[in-house]
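The structure appears right after this line, and notes come after that.
No lab work stands behind these numbers, since they all come straight from the coordinates. Because the structure is a prediction, the values reported are computed rather than measured. A quick note on method: Cβ atoms are made from the backbone with ideal geometry, for glycine too, and the neighbour counts reach across all protein chains shown.
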Amino acid sequence: MAKAGYSLQTGAAVALSSGTAKTILARSIAQTIRGASFNRIQCTPDLQPTDVTGLSIYNQQSKEFEFRPGPIFANIVLVDEINRAMPKTQSALLEAMAEHQVTVDGVTRPLPSPFLVIATENPIEQEGTFPLPEAQLDRFALRSALGYPDEPAEIEIVLAQRHGHPLAALEPLVSAEEVRGLQSDVQDVYVDDLIVRWTVELVRATREVDGVVVGASVRGSLALERTARAWALIHGRRHVLPEDVDTLFLPVLGHRLLLSASFLAESRGLGRDAALGVIKDRCLALAPAPAPDWVSVSAPPIAG
């Protein structure tokens, strides 16, 4: 929930690769924002780009074409099983995620604010899936997995839904204007030049480290710095610590890396998460964290 929260604070997109309750997460975020709209796009191989963005329909009464907006025109958009859609439909999301606007028939229309895309995907080994293109993966601020609850938590979930779904009682906590204010506050979180330089060095290390064919682009540097600021704000700080960058390294950069075939063969028994952990350690060896005498200065509490 926290990672989706700071994605909302930065106006970025988040990809969820596995686990349960992804739709509940998206609906919960929408319901906690007063007046926010929520749409769900179920991806299938026959889903067309206009099914996402909308299209112009001829009105016989007015003798003119009228634009009918698609489900992308909402504050919170859940794109379910995105890797089941054809590549041309996947690419229809690029402009929306990167620029928060949609262009149809030569007319550019802004998307509502705040705007958040949460996309889920099935494991690529399942039939009927299409790998996401690198350009689209780079548009997601982070990639995470919800996983499955432990036994006590699962029992609690079953008991909580005995007399209805708890989501029905969820009430708004903030307004859309307050969310936009949070997005503005993220911009004011202080990042020391030392941490900015280290962040860039870490991203550049992904392009040089053994085991990686294609490293993170400049968009990776921007995403890591921005999400670190949002992460600090969520934790009640007005400044970023090196630990913030370290914590977000894999969620923000892991999905942007193309690992070499030889490294994948060497680490096939580890799993992708553990293999990415090895890559992270190698990057930290090339770009060590700031000196151990780094002193974090207590910042004043954030005004409520």
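Rounded to the nearest 5, what % of the DSSP beta bridges within the chain are antiparallel ones?
Values: 12 of 32 bridges.
About 40 percent, rounded to the nearest 5.
Whole-Hz Karplus ³J(HN,Hα) for the range 257-274, in order, using 6.51 cos²θ - 1.76 cosθ + 1.60 and θ = phi - 60°, x for Gly and Pro?
Per-residue couplings from phi come out as 9, 9, 7, 6, 4, 5, 5, 4, 5, 5, 10, 4, x, 8, x, 5, 4, 5 Hz.
Taking every pair of Cα atoms in the chain, average 1/r, invert it to obtain the Kirkwood radius, and report Rg/Rh to two decimals. Walk me through the numbers on the way to the answer.
On the way: Rg = 20.8 Å, Rh = 21.0 Å.
Radius of gyration relative to Kirkwood radius: 0.99.
In the chain, which longest range has no trypsin sites (Lys or Arg not before Pro) that are both DSSP loop (not H, G, I, E or B) and surrounded by at most 12 other Cβ atoms within 10 Å?
That gives 163-267 as the longest site-free run.
Find, among the GluC sites (Glu not before Pro) in the range 91-162, those assigned to loop by DSSP (not H, G, I, E, B) with at most 16 other beta-carbon atoms within 10 angstrom. Working shown, then result.
Working: sites: GLU95, GLU99, GLU121, GLU125, GLU127, GLU134, GLU154, GLU156; in loops: GLU121, GLU125, GLU127.
The qualifying sites are GLU125, GLU127.
Pick from SER37, SER56, SER184 the residue whose mean-square fluctuation is largest in a GNM of the chain, springs joining Cα atoms under 10 Å.
So, out of SER37, SER56, SER184, the one fluctuating most is SER56.
Using a Debye calculation, one point per C-alpha and no hydration shell, please list log10 I(q)/I(0) for the range 79-149 at q = 0.12, 0.17, 0.24, 0.28 Å⁻¹ in order.
Per q value, in the given order, log10 I(q)/I(0) is -0.37, -0.70, -1.19, -1.41.
Which cross-chain or sequence-distant (5 or more) residues have an amide H under 5 Å from the amide H of VAL212, H modelled 1.01 Å from N in plane?
SER260
Using helices alone, I'd like the mean residue ellipticity at 222 nm for the chain: each DSSP H run of four-plus residues gives -39500 (n - 2.57), total over residue count, nearest 500. Mind dumping the intermediate values first?
Details: 12 runs with 126 residues, N = 304.
After summing the helix terms and dividing by residue count, I get -12500 deg cm²/dmol.
Considering lysine pairs in the chain that are 8 or more places apart or on different chains, how many have Cα atoms under 28 Å apart? Let's see the in-between values first.
Details: LYS3/LYS22; LYS3/LYS280; LYS22/LYS88; LYS22/LYS280.
Eligible lysine pairs with Cα atoms under 28 Å apart amount to 4.
Residues with amide H under 5 Å of ARG34's amide H, sequence separation 5 or more or different chain, H placed in the peptide plane at 1.01 Å from N; which?
LEU173, VAL174, SER175, ALA176
Which FRET efficiency, nearest 0.05, do SER62 and HIS100 yield, Cβ-Cβ r, R0 22 Å?
On the way: r = 29 Å, r/R0 = 1.33.
Step by step, r from the Cβ atoms, then E = 0.15.
Can you give me the distance in nm between label points at ARG207 and LEU173, each placed 7 Å from the Cα along the Cα-to-Cβ direction?
The answer from the label model is 4.0 nm.
Between ALA261 and VAL214, what is the spin-label point distance in nm, taking each point 7 Å from the Cα along the Cα→C-beta axis?
It works out to 1.6 nm between the two label points.
Extension gain ALA274-HIS163, at 0.36 nm per residue separation less the Cα-Cα distance, in nm?
Details: separation 111, 0.36 × 111 = 39.96 nm, distance 4.08 nm.
Stretched out fully, the ALA274 to HIS163 stretch lengthens by 35.9 nm.
What nm value, rounded to one decimal, do you get for the distance between THR247 and LEU137 when each label is placed 7 Å out toward the C-beta?
Taking the two extended label points, one gets 2.6 nm.
For the chain, what relative contact order do you get, as a whole percent, if you take Cα pairs closer than 8 Å and at least 6 residues apart? Could the numbers behind the result be given before it?
Values: 490 pairs, mean separation 62.3, N = 304.
Reported as a whole number, the value is 21 percent.
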